[in-house]
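These notes concern the structure reproduced below.
The values are calculated or read from the model by the stated rules, or taken from the named source; none is laboratory data. Note that this is a predicted model, so its numbers are computed, not measured. A quick note on method: Cβ atoms are made from the backbone with ideal geometry, for glycine too, and the neighbour counts reach across all protein chains shown. Protein only, heavy atoms only, side chains kept; ligands, DNA and RNA dropped before computing areas. Shrake-Rupley method; radii C 1.70, N 1.55, O 1.52, S 1.80 Å.
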Amino acid sequence: METFLIKTLQLIAAFAFLVIIHEAGHYIFARIFGIKVDRFYMFFNPGFSLLRYNPRTNKVQLFVAQGDEEKHKADRAAITLKVGKEHPAEENGKTSWRDTIYGIGWLPLGGYCAINGMIDETNQNLGDTPEPWEFRTKPAWQRLLVMAGGVLFNFILAILIYAGIAFNWGSKYIPFDAATEGFDFVPAALEAGFRNGDIPLTADGVKLDASSGDYMLKMVEAKEVQVLRNNCDTVTIAIPENFIFRVNDEQGFMAYRLPVYIDRIVPGEPADKAGLAEGDRIVAVDSISTPTYTELTPALTASAGKEVPVTVMRDGKRVTLNVTPNEFGKLGFQLRPLTAVYPPVTVTYGFFESFPKGWEIGTKTLGNYVGSMKHVFSSEGAQSLGGFGAIGNMFPAKWNWLSFWEITAFLSVALAFMNIIPIPGLDGGHIMFLLWEAVTRRKVPEKVLITAQYIGMSILLLLLLYANGNDIFRAFLK
């Protein structure tokens, strides 16, 4: 339950931040061109709002139930606070930021920026007489920038986050050739021909580099991968078609193998009683070779409660001690961490150096994401689509700021790309119609825009239901 709450909190925090930035892109460009913005909301507010602020009346309202205009029922608020004097509308009709009602909804699935005179999910009934502050009265190029503002801001945000990560944390990685015990692979990779202990060399003839964050993606999308096996043999592995989906089902691909060095002995536990010492490396249990933790765990579990010989490397010599694992197959010691066994390479970036690095990572992430979209149009790709559950599972079970910002930056790139897809209801749909107008010099009829909006929203709703249905299926039925 705690894990679920932490992941949910991270998901909501990241999503709220990204949506605010996205909608701010629309808002800022609209205000630059003098377009009135009716509402700016974080989260959706069907039925009622948690908070609403009207700069004209300078009232902050909490728990606002929306009235019914047709039945002449006014909005009702549980709490209303006056925070300053009223500011009447400008007599010359000039718009300002005070014409916008700002609020927080109760449904944390997004947010919106309701732009006056624009046909979207918040407004589909425009008046007969266009006003100069309306979206529809502005030149096509201005409307195009307003619609592209959200995507642009999300991509810029991703670059800035990646730059901040580079500046604050730098880049840390363990070179492949330093990991002498190689990697462990998930069952799907083992079935494809990989073996635990293999060290990646090339993917489709291109050298793989641990400093590149996309080396695993390159491997699963390649036609063939070369690995170093047993530290002496070069082996070529043919990658099966749609291998990426088999790996996705197992939520991973490969991980560095961890040699078993004792970092700290727990007093009174089996390791302490048998004479094991800090710095020892366990290499065998009851004649079973245990070069890494992967082999050690099952070997100790099989010997739970029984005295067995355990062989360690101590000061360059093999030493064998009789040890009795407890009933859970544990010896009672802490492992030396991976970065203490294989010292990582750390690259630091100064303030000005971090921005080119942010651009590099951001553009590479976008390129990889766009490239991976080709898999969606297959049966396996459709089955792999995920909703909020899949996104939430990307976050770690314990709060980690580095992981949070890395995932948030990736989601910002994904949000930017998904919104530019030319589906009515998304920014890309509006941009598509605006480009048509720019080319033909003719506006798309409002009836066509309204119909397209309904169709687009229906498609998006079906996709949302399907993706989240996949999450439920994988969680409870598969």
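Observations on the model:
- HN-Hα J in Hz across the range 104-120 - Karplus 6.51, -1.76, 1.60, θ = phi - 60°, x for Gly and Pro: 10, x, 9, 9, x, 10, x, x, 7, 10, 8, 8, 5, x, 10, 7, 8
- Excluding exposed DSSP-loop GluC sites (Glu not before Pro) (at most 16 other C-beta within 10 Å), longest clean stretch of the chain: 328-478
- The charge dipole of the chain, taken about its Cα centre with unit charges on the Cβ atoms of Lys, Arg (+1), Asp and Glu (-1) only, comes to about 980 debye.
- Among the trypsin sites (Lys or Arg not before Pro) in the range 296-362, those located in a DSSP loop and surrounded by at most 12 other Cβ atoms within 10 Å of their own Cβ are Lys306.
- Euclidean distance between Cα centres, the range 73-92 to the range 242-272, Å: 59 Å
- Residue (of Thr320, Ile199, Ile450) at the positive-pole extreme of the chain, dipole from beta-carbon charges: Ile450
- Taking Lys and Arg as +1 and Asp and Glu as -1, the other residues whose beta-carbon sits under 15 Å from that of Asn58 total +4.
- Inter-label distance, Trp399 to Thr440: 5.3 nm, where each label sits 7 Å from its Cα along the C-beta direction.
- Across all directions, the average flat footprint of the convex hull enclosing the Cα atoms of the range 94-221 is 15.0 nm².
- Estimated distance in nm for a label pair at Ala302 and Asp315, the labels positioned 7 Å out from Cα along Cα-to-Cβ: 3.2 nm
- Accessible carbon and sulfur surface of the chain relative to its total accessible area, %, 1.4 Å: 60 percent
- Cα gyration tensor shape for the range 411-459, rounded if a/c is under 1.5, else prolate or oblate: oblate
- J(HN,Hα) series, the range 148-160, from Karplus relation 6.51 cos²θ - 1.76 cosθ + 1.60, nearest Hz, glycine and proline x: 7, x, x, 4, 4, 5, 5, 6, 4, 4, 4, 4, 5
- For the range 333-478: rounded, prolate or oblate by the Cα gyration tensor [a/c cutoff 1.5]: oblate
- In terms of distances greater than 31 angstrom between alpha carbons, the cross-link table entries Lys223/Lys398; Lys218/Lys398; Lys82/Lys398; Lys85/Lys443; Lys223/Lys364 yield Lys223/Lys398; Lys82/Lys398; Lys85/Lys443.
- Heavy-atom accessible surface of the chain, averaged per residue, reaches 54 Å², computed with a 1.4 Å probe.
- Computed [θ] at 222 nm, helices only, for the chain once each DSSP H run of length n ≥ 4 contributes -39500 (n - 2.57): -13000 deg cm²/dmol
- Around the Cα centre of the range 142-207, unit charges on the Cβ atoms of Lys, Arg, Asp and Glu (plus for the first two, minus for the last two) sum to a dipole of about 480 debye.
- For Ile239, residues with placed amide H under 5 Å, excluding near neighbours: Glu224, Val225
- Net charge of Cβ neighbours under 12 Å - reference Asp263; Lys, Arg +1; Asp, Glu -1: +1
- Rounded FRET efficiency, nearest 0.05, which uses the C-beta distance separating Gln66 from Asp214 and R0 of 56 Å: 0.75
- The range 352-361 - phi-based ³J(HN,Hα) in whole Hz, Karplus 6.51/-1.76/1.60, Gly and Pro as x: 6, 6, 5, 5, x, 5, x, 5, 4, 5
- Over all distinct Cα-Cα pairs of the chain, the Kirkwood formula returns a hydrodynamic radius of 26.8 Å.
- Among Phe388, Phe404, His430 the positive-end extreme of the charge dipole of the chain (Cβ point charges): His430
- Legend: residue pairs Lys7/Lys207; Lys7/Lys447; Lys36/Lys59, Cα-Cα distance threshold 31 Å; pairs beyond threshold, Lys7/Lys207; Lys7/Lys447.
- Partner lysines for Lys306 [C-alpha distance under 20 Å; skip if fewer than 8 residues away on the same chain]: Lys273, Lys330
- Solvent-free Debye scattering, log10 I(q)/I(0), computed from the Cα coordinates of the range 4-79 at q = 0.22 Å⁻¹: -1.12
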